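Comments concern the structure below.
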Amino acid sequence: MSQAPDAPLIAIPSNLNRSALTLNGSSNHYDFIIIGGGIAGLSAAYFLSQQARVVVLEKEAHCGYHSSGRSAAVFIEAYENAPVCTLTQTSKPFFLTPPDGFTDYPLMHVIGGLTVIKPDQERAAQDYLEQWSELCPHMARIDIEDMCGHVPLLRRERMVDGIFDPLLHAIDANQLLQSYRRSIKRRGGQIITGVELDSARYKDNIWRCGWGAESASAPVLINAAGAWANTVAEQCGVTPMPLTPCRRSAAVIPAPPEAASWPMVRSLEGELYFKPEQPGLMVSPQDETPSPACDAHPDDMDLAIALERFQEVCSLPIQRIHRSWAGLRTLTPDRLPIIGPATPGEHFFWLAGQGGFGVQTSPGIGQLVAATLLDQQKIPAELQAKRFS
Ligand SMILES: Cc1cc2nc3c(=O)[nH]c(=O)nc-3n(C[C@H](O)[C@H](O)[C@H](O)COP(=O)(O)OP(=O)(O)OC[C@H]3O[C@@H](n4cnc5c(N)ncnc54)[C@H](O)[C@@H]3O)c2cc1C
(Lines give C-alpha, C1' and ligand atoms only; values in the text may rest on other atoms or scores of the structure.)
Protein backbone atom coordinates (compact mmCIF):
# COMPACT_ATOMS: atom_id res chain seq x y z
CA MET A 1 0.00 0.00 0.00
CA SER A 2 1.47 3.37 -0.94
CA GLN A 3 1.69 6.09 1.68
CA ALA A 4 0.10 9.52 1.42
CA PRO A 5 2.70 11.99 0.07
CA ASP A 6 3.07 13.84 3.37
CA ALA A 7 3.33 10.77 5.61
CA PRO A 8 6.58 10.69 7.63
CA LEU A 9 9.39 8.80 5.92
CA ILE A 10 10.13 6.90 9.10
CA ALA A 11 7.71 6.42 11.95
CA ILE A 12 9.92 6.98 15.00
CA PRO A 13 8.74 5.32 18.22
CA SER A 14 7.10 7.85 20.52
CA ASN A 15 9.25 6.73 23.46
CA LEU A 16 12.29 8.45 21.96
CA ASN A 17 13.61 9.77 25.21
CA ARG A 18 17.04 9.35 26.63
CA SER A 19 16.02 8.89 30.27
CA ALA A 20 13.25 6.42 29.50
CA LEU A 21 15.59 4.29 27.45
CA THR A 22 18.37 4.49 30.00
CA LEU A 23 16.09 3.50 32.83
CA ASN A 24 13.98 0.91 31.09
CA GLY A 25 16.11 -0.30 28.22
CA SER A 26 19.29 -2.30 28.24
CA SER A 27 22.59 -0.42 28.15
CA ASN A 28 23.26 -1.45 24.56
CA HIS A 29 19.88 -0.29 23.28
CA TYR A 30 19.90 3.03 21.44
CA ASP A 31 17.59 5.23 19.40
CA PHE A 32 19.98 5.21 16.44
CA ILE A 33 22.85 2.96 15.38
CA ILE A 34 25.15 4.78 12.97
CA ILE A 35 27.54 2.72 10.85
CA GLY A 36 30.61 4.79 9.95
CA GLY A 37 32.65 7.30 11.94
CA GLY A 38 33.53 9.66 9.09
CA ILE A 39 32.25 13.21 8.85
CA ALA A 40 28.80 11.99 7.74
CA GLY A 41 28.28 9.62 10.67
CA LEU A 42 29.74 12.00 13.25
CA SER A 43 27.79 15.05 12.10
CA ALA A 44 24.53 13.06 12.12
CA ALA A 45 25.39 11.69 15.58
CA TYR A 46 26.20 15.19 16.82
CA PHE A 47 22.81 16.64 15.89
CA LEU A 48 20.83 13.53 16.88
CA SER A 49 22.55 13.25 20.27
CA GLN A 50 20.94 16.53 21.35
CA GLN A 51 17.74 14.53 21.94
CA ALA A 52 18.49 10.87 21.37
CA ARG A 53 20.76 8.02 22.35
CA VAL A 54 23.19 7.24 19.55
CA VAL A 55 26.00 4.80 18.98
CA VAL A 56 28.52 5.19 16.17
CA LEU A 57 30.35 2.05 15.02
CA GLU A 58 33.65 2.67 13.21
CA LYS A 59 35.74 -0.16 11.83
CA GLU A 60 39.06 1.70 11.93
CA ALA A 61 41.04 2.50 15.06
CA HIS A 62 40.09 6.17 14.81
CA CYS A 63 37.31 8.22 13.24
CA GLY A 64 37.98 10.00 9.96
CA TYR A 65 40.62 7.52 8.79
CA HIS A 66 39.20 7.26 5.26
CA SER A 67 37.76 10.04 3.03
CA SER A 68 37.05 12.48 5.84
CA GLY A 69 40.69 12.60 6.89
CA ARG A 70 41.99 12.92 3.33
CA SER A 71 40.06 15.84 1.87
CA ALA A 72 41.28 19.17 0.55
CA ALA A 73 39.14 20.70 3.30
CA VAL A 74 37.87 23.64 1.32
CA PHE A 75 34.46 25.28 1.44
CA ILE A 76 33.31 26.25 -2.06
CA GLU A 77 29.79 27.59 -2.46
CA ALA A 78 29.83 27.36 -6.28
CA TYR A 79 30.37 23.61 -6.16
CA GLU A 80 28.79 20.83 -8.20
CA ASN A 81 25.15 21.95 -8.55
CA ALA A 82 22.41 24.10 -6.97
CA PRO A 83 21.22 21.61 -4.27
CA VAL A 84 24.83 21.04 -3.11
CA CYS A 85 25.34 24.81 -3.06
CA THR A 86 22.22 25.17 -0.89
CA LEU A 87 23.47 22.49 1.53
CA THR A 88 26.84 24.26 1.63
CA GLN A 89 25.31 27.68 2.26
CA THR A 90 23.02 26.19 4.94
CA SER A 91 26.17 24.90 6.66
CA LYS A 92 27.97 28.23 6.63
CA PRO A 93 26.55 29.79 9.84
CA PHE A 94 27.61 26.68 11.78
CA PHE A 95 31.18 26.98 10.50
CA LEU A 96 31.39 30.73 11.11
CA THR A 97 29.62 30.75 14.49
CA PRO A 98 29.75 27.25 15.99
CA PRO A 99 27.47 26.53 18.95
CA ASP A 100 28.83 27.44 22.40
CA GLY A 101 31.24 24.83 23.68
CA PHE A 102 31.71 23.13 20.30
CA THR A 103 35.25 24.38 19.70
CA ASP A 104 37.66 27.02 20.97
CA TYR A 105 39.20 27.49 17.53
CA PRO A 106 37.89 28.92 14.24
CA LEU A 107 36.52 26.16 12.02
CA MET A 108 37.33 27.98 8.79
CA HIS A 109 38.97 31.06 7.33
CA VAL A 110 38.81 32.83 3.97
CA ILE A 111 41.52 32.01 1.44
CA GLY A 112 39.74 33.00 -1.80
CA GLY A 113 39.57 31.04 -5.02
CA LEU A 114 41.00 31.80 -8.44
CA THR A 115 39.75 29.97 -11.53
CA VAL A 116 42.13 30.23 -14.46
CA ILE A 117 40.64 30.93 -17.91
CA LYS A 118 42.69 29.86 -20.91
CA PRO A 119 42.42 31.48 -24.39
CA ASP A 120 39.90 28.94 -25.76
CA GLN A 121 37.64 29.05 -22.67
CA GLU A 122 35.85 32.38 -23.04
CA ARG A 123 32.45 30.79 -23.76
CA ALA A 124 32.84 28.22 -20.96
CA ALA A 125 33.79 30.99 -18.50
CA GLN A 126 30.67 32.97 -19.38
CA ASP A 127 28.52 29.85 -18.97
CA TYR A 128 30.11 29.12 -15.59
CA LEU A 129 29.44 32.63 -14.27
CA GLU A 130 25.92 32.53 -15.67
CA GLN A 131 25.26 29.15 -13.99
CA TRP A 132 26.24 30.55 -10.59
CA SER A 133 25.05 34.15 -10.98
CA GLU A 134 22.03 33.77 -8.70
CA LEU A 135 23.43 31.55 -5.95
CA CYS A 136 26.96 32.98 -5.90
CA PRO A 137 26.79 36.59 -7.13
CA HIS A 138 30.02 37.33 -5.25
CA MET A 139 32.13 35.72 -8.00
CA ALA A 140 33.52 38.03 -10.69
CA ARG A 141 36.00 38.20 -13.57
CA ILE A 142 39.47 39.33 -12.55
CA ASP A 143 42.19 40.54 -14.94
CA ILE A 144 45.60 39.02 -15.36
CA GLU A 145 47.34 41.78 -13.36
CA ASP A 146 45.13 41.17 -10.33
CA MET A 147 45.54 37.41 -10.72
CA CYS A 148 49.31 37.77 -10.60
CA GLY A 149 48.87 40.05 -7.60
CA HIS A 150 47.37 37.04 -5.80
CA VAL A 151 49.72 34.41 -7.26
CA PRO A 152 52.85 36.06 -8.71
CA LEU A 153 54.17 32.80 -10.19
CA LEU A 154 51.21 32.25 -12.55
CA ARG A 155 52.27 31.78 -16.18
CA ARG A 156 50.39 34.78 -17.55
CA GLU A 157 51.09 33.79 -21.18
CA ARG A 158 48.93 30.65 -20.72
CA MET A 159 45.75 32.44 -19.58
CA VAL A 160 43.53 35.34 -20.58
CA ASP A 161 42.06 36.17 -17.21
CA GLY A 162 40.23 34.48 -14.34
CA ILE A 163 37.23 34.29 -12.03
CA PHE A 164 37.73 35.25 -8.41
CA ASP A 165 35.68 33.79 -5.56
CA PRO A 166 36.34 35.96 -2.48
CA LEU A 167 34.30 33.63 -0.23
CA LEU A 168 36.19 30.38 -0.70
CA HIS A 169 37.26 29.18 2.77
CA ALA A 170 39.70 26.61 4.14
CA ILE A 171 38.12 24.34 6.77
CA ASP A 172 40.00 22.93 9.76
CA ALA A 173 38.67 19.42 9.04
CA ASN A 174 40.54 17.78 11.90
CA GLN A 175 39.18 20.33 14.38
CA LEU A 176 35.69 19.78 12.97
CA LEU A 177 35.91 15.98 13.34
CA GLN A 178 37.34 16.19 16.86
CA SER A 179 34.73 18.74 17.92
CA TYR A 180 31.86 16.56 16.67
CA ARG A 181 33.44 13.60 18.48
CA ARG A 182 33.91 15.43 21.80
CA SER A 183 30.39 16.87 21.76
CA ILE A 184 28.79 13.48 21.03
CA LYS A 185 30.63 11.95 23.99
CA ARG A 186 29.78 14.87 26.26
CA ARG A 187 26.10 14.27 25.49
CA GLY A 188 26.37 10.60 26.38
CA GLY A 189 26.63 9.29 22.82
CA GLN A 190 28.84 6.25 22.22
CA ILE A 191 31.58 6.06 19.59
CA ILE A 192 33.03 2.58 19.32
CA THR A 193 36.12 2.31 17.11
CA GLY A 194 37.94 -0.72 15.79
CA VAL A 195 34.69 -2.64 15.30
CA GLU A 196 33.36 -3.85 11.97
CA LEU A 197 29.73 -4.77 11.67
CA ASP A 198 29.49 -8.51 11.04
CA SER A 199 25.77 -9.11 11.44
CA ALA A 200 22.66 -6.97 11.19
CA ARG A 201 19.03 -8.02 11.16
CA TYR A 202 15.73 -6.25 11.53
CA LYS A 203 13.12 -8.12 13.55
CA ASP A 204 10.20 -7.02 15.71
CA ASN A 205 10.83 -3.37 14.68
CA ILE A 206 14.38 -3.43 16.03
CA TRP A 207 17.79 -3.58 14.32
CA ARG A 208 20.23 -5.88 16.07
CA CYS A 209 23.82 -5.30 15.00
CA GLY A 210 26.67 -7.53 16.05
CA TRP A 211 30.46 -7.38 15.98
CA GLY A 212 32.49 -10.13 17.60
CA ALA A 213 30.78 -11.01 20.88
CA GLU A 214 29.22 -7.54 21.20
CA SER A 215 25.93 -6.17 19.92
CA ALA A 216 23.71 -3.10 19.90
CA SER A 217 20.06 -2.58 19.07
CA ALA A 218 17.97 0.36 17.90
CA PRO A 219 14.79 1.00 15.92
CA VAL A 220 16.71 2.88 13.19
CA LEU A 221 20.03 2.08 11.51
CA ILE A 222 21.85 4.91 9.71
CA ASN A 223 24.20 3.84 6.95
CA ALA A 224 27.05 6.38 6.87
CA ALA A 225 29.70 3.92 5.71
CA GLY A 226 31.07 6.08 2.87
CA ALA A 227 32.60 3.92 0.12
CA TRP A 228 31.33 0.82 1.98
CA ALA A 229 27.69 1.94 2.09
CA ASN A 230 26.57 -0.75 -0.36
CA THR A 231 28.50 -3.43 1.55
CA VAL A 232 26.62 -2.43 4.70
CA ALA A 233 23.32 -2.41 2.79
CA GLU A 234 23.94 -5.94 1.57
CA GLN A 235 24.77 -7.08 5.11
CA CYS A 236 21.45 -5.61 6.19
CA GLY A 237 19.52 -7.25 3.37
CA VAL A 238 18.79 -3.89 1.73
CA THR A 239 18.98 -3.27 -2.04
CA PRO A 240 22.19 -1.37 -2.97
CA MET A 241 22.18 2.16 -4.40
CA PRO A 242 23.98 3.50 -7.49
CA LEU A 243 27.09 4.56 -5.56
CA THR A 244 30.54 4.63 -7.18
CA PRO A 245 33.61 5.21 -5.01
CA CYS A 246 36.17 7.15 -7.08
CA ARG A 247 39.80 7.69 -6.20
CA ARG A 248 41.23 11.21 -5.97
CA SER A 249 44.97 11.76 -5.53
CA ALA A 250 46.91 14.63 -4.04
CA ALA A 251 50.48 15.62 -3.25
CA VAL A 252 52.09 18.34 -1.17
CA ILE A 253 55.05 20.06 -2.82
CA PRO A 254 57.48 22.56 -1.29
CA ALA A 255 56.65 26.24 -1.86
CA PRO A 256 58.04 29.57 -0.63
CA PRO A 257 56.53 30.93 2.63
CA GLU A 258 54.50 33.56 0.74
CA ALA A 259 52.50 30.76 -0.96
CA ALA A 260 50.76 30.25 2.39
CA SER A 261 48.64 33.30 1.57
CA TRP A 262 47.80 32.32 -2.03
CA PRO A 263 44.19 31.56 -2.85
CA MET A 264 43.13 28.13 -4.10
CA VAL A 265 43.82 28.03 -7.86
CA ARG A 266 41.63 25.85 -10.10
CA SER A 267 41.40 25.15 -13.80
CA LEU A 268 38.02 25.89 -15.34
CA GLU A 269 37.88 22.44 -16.95
CA GLY A 270 38.27 20.75 -13.55
CA GLU A 271 41.62 19.05 -14.21
CA LEU A 272 43.83 20.72 -11.61
CA TYR A 273 43.74 22.56 -8.34
CA PHE A 274 46.37 23.72 -5.90
CA LYS A 275 46.06 25.43 -2.55
CA PRO A 276 48.19 26.28 0.47
CA GLU A 277 48.83 23.23 2.65
CA GLN A 278 51.62 22.90 5.22
CA PRO A 279 54.51 22.86 4.42
CA GLY A 280 53.83 24.06 0.85
CA LEU A 281 51.09 23.55 -1.73
CA MET A 282 48.59 20.72 -2.15
CA VAL A 283 48.22 19.78 -5.83
CA SER A 284 45.55 17.46 -7.26
CA PRO A 285 44.79 16.39 -10.85
CA GLN A 286 41.12 16.09 -9.81
CA ASP A 287 41.17 12.44 -10.89
CA GLU A 288 37.96 10.50 -10.54
CA THR A 289 38.87 6.85 -11.09
CA PRO A 290 36.25 4.26 -10.09
CA SER A 291 37.62 2.01 -7.34
CA PRO A 292 36.45 -0.74 -5.05
CA ALA A 293 35.91 0.39 -1.46
CA CYS A 294 39.44 0.19 0.00
CA ASP A 295 42.24 2.00 1.79
CA ALA A 296 43.07 4.14 -1.26
CA HIS A 297 46.61 4.88 -2.40
CA PRO A 298 47.66 7.43 -5.01
CA ASP A 299 48.61 6.30 -8.47
CA ASP A 300 52.08 7.50 -9.57
CA MET A 301 50.76 8.40 -13.01
CA ASP A 302 47.98 10.58 -11.54
CA LEU A 303 50.55 12.41 -9.42
CA ALA A 304 52.84 12.91 -12.43
CA ILE A 305 49.89 14.35 -14.39
CA ALA A 306 49.09 16.70 -11.50
CA LEU A 307 52.63 18.05 -11.40
CA GLU A 308 52.77 18.46 -15.18
CA ARG A 309 49.49 20.41 -15.20
CA PHE A 310 50.73 22.50 -12.26
CA GLN A 311 53.85 23.48 -14.19
CA GLU A 312 51.71 24.53 -17.16
CA VAL A 313 50.07 27.29 -15.09
CA CYS A 314 52.65 28.01 -12.37
CA SER A 315 56.39 28.60 -12.79
CA LEU A 316 57.31 27.34 -9.30
CA PRO A 317 59.98 24.64 -9.78
CA ILE A 318 59.09 21.28 -8.19
CA GLN A 319 62.08 19.69 -6.48
CA ARG A 320 60.29 16.91 -4.64
CA ILE A 321 57.03 15.71 -3.15
CA HIS A 322 56.68 16.08 0.64
CA ARG A 323 53.83 13.59 0.90
CA SER A 324 51.04 12.17 -1.21
CA TRP A 325 47.76 10.41 -0.56
CA ALA A 326 44.48 9.38 -2.12
CA GLY A 327 40.94 9.09 -0.86
CA LEU A 328 37.62 7.88 -2.21
CA ARG A 329 34.85 10.27 -3.18
CA THR A 330 31.63 8.29 -3.43
CA LEU A 331 29.58 9.59 -6.34
CA THR A 332 25.95 9.15 -7.39
CA PRO A 333 24.65 9.49 -10.99
CA ASP A 334 23.15 12.94 -10.25
CA ARG A 335 26.04 14.00 -7.99
CA LEU A 336 23.71 14.52 -5.04
CA PRO A 337 23.81 12.71 -1.70
CA ILE A 338 21.42 9.87 -0.89
CA ILE A 339 19.52 10.60 2.31
CA GLY A 340 16.72 8.71 4.05
CA PRO A 341 14.96 5.39 3.56
CA ALA A 342 14.60 3.95 0.06
CA THR A 343 11.02 2.96 0.84
CA PRO A 344 8.80 5.05 3.11
CA GLY A 345 8.55 3.39 6.49
CA GLU A 346 11.79 1.41 6.10
CA HIS A 347 14.02 1.83 9.15
CA PHE A 348 17.27 1.69 7.16
CA PHE A 349 18.37 5.30 6.66
CA TRP A 350 20.85 6.05 3.86
CA LEU A 351 23.43 8.78 4.44
CA ALA A 352 25.81 8.29 1.55
CA GLY A 353 27.09 9.67 -1.75
CA GLN A 354 28.60 12.90 -0.39
CA GLY A 355 31.07 12.97 -3.31
CA GLY A 356 33.50 15.86 -3.02
CA PHE A 357 31.37 17.97 -0.66
CA GLY A 358 30.88 15.85 2.47
CA VAL A 359 32.98 18.08 4.73
CA GLN A 360 31.60 21.45 3.67
CA THR A 361 27.98 20.22 3.85
CA SER A 362 28.30 18.17 7.05
CA PRO A 363 26.55 20.64 9.40
CA GLY A 364 23.68 21.17 6.95
CA ILE A 365 23.24 17.47 6.20
CA GLY A 366 23.60 16.53 9.88
CA GLN A 367 20.90 19.04 10.82
CA LEU A 368 18.66 17.73 8.04
CA VAL A 369 19.07 14.14 9.25
CA ALA A 370 18.18 15.11 12.83
CA ALA A 371 15.23 17.26 11.74
CA THR A 372 13.94 14.35 9.63
CA LEU A 373 14.36 11.67 12.25
CA LEU A 374 13.42 13.68 15.33
CA ASP A 375 10.94 16.23 14.00
CA GLN A 376 9.53 14.52 10.88
CA GLN A 377 10.85 17.29 8.62
CA LYS A 378 10.77 16.39 4.93
CA ILE A 379 13.97 15.68 3.03
CA PRO A 380 14.10 17.66 -0.25
CA ALA A 381 12.86 15.31 -3.00
CA GLU A 382 16.09 15.55 -5.01
CA LEU A 383 18.11 14.17 -2.06
CA GLN A 384 15.77 11.38 -0.99
CA ALA A 385 17.01 7.80 -1.31
CA LYS A 386 13.68 6.79 -2.80
CA ARG A 387 14.57 8.61 -6.05
CA PHE A 388 16.65 5.53 -6.93
CA SER A 389 14.28 2.84 -5.70
C1 LIG B 1 41.28 14.10 -2.17
C2 LIG B 1 39.91 14.50 -1.66
C3 LIG B 1 39.60 15.84 -1.54
C4 LIG B 1 38.36 16.23 -1.02
N5 LIG B 1 38.13 17.55 -0.81
C6 LIG B 1 36.98 17.94 -0.21
C7 LIG B 1 36.78 19.31 0.13
O8 LIG B 1 37.64 20.16 -0.11
N9 LIG B 1 35.61 19.66 0.73
C10 LIG B 1 34.64 18.73 1.03
O11 LIG B 1 33.59 19.11 1.57
N12 LIG B 1 34.82 17.42 0.73
C13 LIG B 1 35.96 17.01 0.12
N14 LIG B 1 36.16 15.70 -0.18
C15 LIG B 1 35.05 14.76 0.03
C16 LIG B 1 34.90 14.35 1.48
O17 LIG B 1 36.14 13.95 1.99
C18 LIG B 1 33.85 13.23 1.55
O19 LIG B 1 32.65 13.63 0.94
C20 LIG B 1 33.54 12.86 2.99
O21 LIG B 1 34.70 12.66 3.73
C22 LIG B 1 32.67 11.61 3.05
O23 LIG B 1 32.45 11.33 4.40
P24 LIG B 1 31.87 9.93 4.87
O25 LIG B 1 31.73 10.01 6.35
O26 LIG B 1 30.69 9.60 4.05
O27 LIG B 1 32.99 8.86 4.45
P28 LIG B 1 34.26 8.34 5.25
O29 LIG B 1 35.05 9.44 5.82
O30 LIG B 1 34.99 7.41 4.34
O31 LIG B 1 33.63 7.55 6.46
C32 LIG B 1 32.98 6.30 6.32
C33 LIG B 1 33.45 5.46 7.48
O34 LIG B 1 32.68 4.26 7.55
C35 LIG B 1 33.52 3.27 8.09
N36 LIG B 1 32.94 1.95 7.80
C37 LIG B 1 32.73 1.41 6.58
N38 LIG B 1 32.16 0.18 6.71
C39 LIG B 1 32.01 -0.04 8.04
C40 LIG B 1 31.48 -1.13 8.79
N41 LIG B 1 30.99 -2.23 8.21
N42 LIG B 1 31.48 -1.04 10.14
C43 LIG B 1 31.97 0.08 10.75
N44 LIG B 1 32.49 1.15 10.07
C45 LIG B 1 32.49 1.09 8.74
C46 LIG B 1 34.84 3.52 7.39
O47 LIG B 1 35.92 2.94 8.08
C48 LIG B 1 34.89 5.03 7.34
O49 LIG B 1 35.63 5.57 8.42
C50 LIG B 1 37.39 15.26 -0.68
C51 LIG B 1 37.69 13.90 -0.82
C52 LIG B 1 38.95 13.52 -1.29
C53 LIG B 1 39.27 12.06 -1.39
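Note on the stretch 115-173: enclosed strands (runs of 3 or more DSSP E) holding 1 or more residues that are over 14 Å from residue 76 (Cα atoms) are 140-142, 161-165.
Listed by first and then second residue, the pairs linking a residue in the stretch 81-97 that is of a type in the set (Val, Ile, Thr) to a residue that is open to solvent by less than 60 Å² (accessible area, probe 1.4 Å) and within 13 Å of the ligand (Cβ to nearest atom), with Cβ atoms under 6 Å apart and 6 or more places separating them unless they lie on different chains, are 84/357; 88/77; 88/360; 88/361; 90/364.
Counting just the residues of the stretch 81-107 that are open to solvent by 60 Å² or more (accessible area, probe 1.4 Å) and part of a loop (DSSP other than H, G, I, E, B), which one comes out farthest from the ligand (Cβ to nearest atom)? It comes out as 100.
Would you confirm whether or not the stretch 322-330 contains a residue that is away from the ligand (no atom under 15 Å from the Cβ), part of a loop (DSSP other than H, G, I, E, B) and in the same structural domain as residue 254 (by TED's automatic domain parsing)? So far as the stretch 322-330 goes, yes, one or more of its residues are away from the ligand (no atom under 15 Å from the Cβ), part of a loop (DSSP other than H, G, I, E, B) and in the same structural domain as residue 254 (by TED's automatic domain parsing).
Residues are listed down the side, and each one gets a yes or a no for (1) more than 27 Å from residue 290 (Cα to Cα); (2) within 14 Å of the ligand (Cβ to nearest atom); (3) not β-branched (Val, Ile, Thr):
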{"site": "333", "(1), (2), (3)": "no, no, yes"}
{"site": "343", "(1), (2), (3)": "yes, no, no"}
{"site": "349", "(1), (2), (3)": "no, yes, yes"}
{"site": "361", "(1), (2), (3)": "no, yes, no"}
{"site": "370", "(1), (2), (3)": "yes, no, yes"}
{"site": "373", "(1), (2), (3)": "yes, no, yes"}
{"site": "380", "(1), (2), (3)": "yes, no, yes"}
{"site": "388", "(1), (2), (3)": "no, no, yes"}
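Residues that are assigned to a loop (DSSP other than H, G, I, E, B) and in contact with a Lys or Arg (Cβ under 9 Å, 6 or more places away or on another chain) within the stretch 202-219 are absent altogether. Once the stretch 207-224 is narrowed to residues that are without any contact (Cβ under 8 Å) to a residue 60 or more places away in the chain and open to solvent by less than 90 Å² (accessible area, probe 1.4 Å), the residue that is nearest to the chain's Cα centre (by Cα) is 210.
The values are calculated or read from the model by the stated rules, or taken from the named source; none is laboratory data. Just so you know, these numbers come straight off a predicted model, no measurement behind them. All Cβ positions, even for glycine, are placed from backbone atoms using ideal geometry, and neighbour counts span all protein chains on display. What goes into the accessible areas is simple: the full protein's heavy atoms, side chains included, and nothing from ligands, DNA or RNA. Shrake-Rupley method; radii C 1.70, N 1.55, O 1.52, S 1.80 Å.
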